[in-house]
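The values are calculated or read from the model by the stated rules, or taken from the named source; none is laboratory data. Computed from a predicted structure; not experimentally measured. Reconstructed Cβ throughout: ideal geometry from the backbone, glycine too, with neighbour counts over all protein chains shown.
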Amino acid sequence: MSVSSSRWPRPKVIYLDAFGTLFGVKSSVGDLYSQLAHSAGVESDPQAVNQAFYQSFAAAERLAFPEASPADIPALEYHWWKAIVAQTFEQVGVIDRFEDFDTFFATLYNYFETSDPWHVYADTPSSLRRWQSMGIELGVISNFDSRLHRVLSRLGLDTYFQSVTLSTEVGAAKPSPKIFQVALAKHNCTAQQAWHVGDSEAEDYVGAKAIGMRAVLVLR
């Protein structure tokens, strides 16, 4: 994850996106969903499931709940994902084959909170250690749900970060300025003192640049 630039002053904080930047899925979402469906007695084509998932995900409202109380957020996250997974399997024509879709989804949701579906990119730990050794503070800014706290811990990444800022907890998702501003405030940092690294041009690169941060787009 080479993001150094001799043209830029050393940042006070480097923020990073999570999924697609620090870690990714071991195979594909379609493969993992199909494997879990198979365990529930439902056969599906992994490639078709993968395509349906990304279409359903792209069509969904952003993962943020502006008016929600903190106590309500876990349930809202759960039902947001349940709607996407249901739409995915409905699109591939197998939703009616589940004997108990509610139980299947609960298993799937809990599975993605473990370390099993994820792999940490090879250059992630070395990059984080290098920045730490330089005295640079590190934070995560992610349009993920609150399971990310446990995923980072189970992947051995949580100790690198002084802050984790999530769209569901802030009530605004990247590229909204609000989520970046909340993250900056946690470090008492101005936008000009910070870099943001991510894999999405629209959410990470454009969003960070819009409020004056140095932005780095990584291609995985």
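Annotations
- Any chance residue 137 is under 21 Å from residue 24 (Cβ atoms) and not polar (S, T, N, Q): no
- Cβ pairs under 8 Å, 6+ apart, first in the range 28-50 and of a type in the set (Val, Ile, Thr), second part of a loop (DSSP other than H, G, I, E, B) and modelled with pLDDT of 95 or more: 42/94; 42/98; 49/92
- Scanning the range 32-53 for residues that are part of a helix (DSSP H, G or I) and hydroxyl-bearing (Ser, Thr, Tyr), we see that the one that is farthest from residue 166 (Cα to Cα) is 39.
- Among residues that are closer than 21 Å to residue 24 by Cβ, crowded, with 19+ Cβ neighbours inside 10 Å and of a type in the set (D, E, K, R), residue 204 is included.
- The set of residues in the range 54-74 that are exposed (fewer than 10 other Cβ atoms within 10 Å of the Cβ), under 16 Å from the mean Cα position of the chain (by Cα) and assigned to a helix (DSSP H, G or I) contains only 58.
- Hits in the range 1-31 (condition: among the hydrophobic types (A, V, I, L, M, F, W, C) and assigned to a loop (DSSP other than H, G, I, E, B)): 1, 3, 8, 18, 22
- Hits in the range 173-220 (condition: closer than 15 Å to residue 19 by Cα, in a loop (DSSP other than H, G, I, E, B) and of a type in the set (A, V, I, L, M)): 173, 218, 219
- Residues that are closer than 19 Å to residue 145 by Cβ and surrounded by fewer than 16 Cβ atoms within 10 Å (Cβ to Cβ), drawn from the range 87-113: 102, 106, 107, 110, 111
- Residue match in the range 91-105 (condition: of a type in the set (D, E, K, R), in a helix (DSSP H, G or I) and under 30 Å from residue 10 (Cα atoms)): no
- Among the candidates 149, 119, residue that is closer than 17 Å to residue 20 by Cα and touching an Asp or Glu at 6+ places or on another chain (Cβ under 9 Å): 149
- Counted residues, the range 60-90 - those being in contact (Cβ under 8 Å) with a residue 24 or more places away in the chain, over 16 Å from residue 101 (Cβ atoms) and among the aliphatic types (A, V, I, L, M): 6
- Of all residues making up the range 23-53, the number that are of a type in the set (Gly, Ala, Ser) and surrounded by fewer than 16 Cβ atoms within 10 Å (Cβ to Cβ): 3
- Residue 45 farther than 13 Å from residue 33 by Cα, acidic (Asp, Glu) and not assigned by TED's automatic domain parsing to the domain that holds residue 179: no
- Test for residue 127: is it in contact (Cβ under 8 Å) with a residue 40 or more places away in the chain, assigned to a helix (DSSP H, G or I) and among the small types (Gly, Ala, Ser): yes
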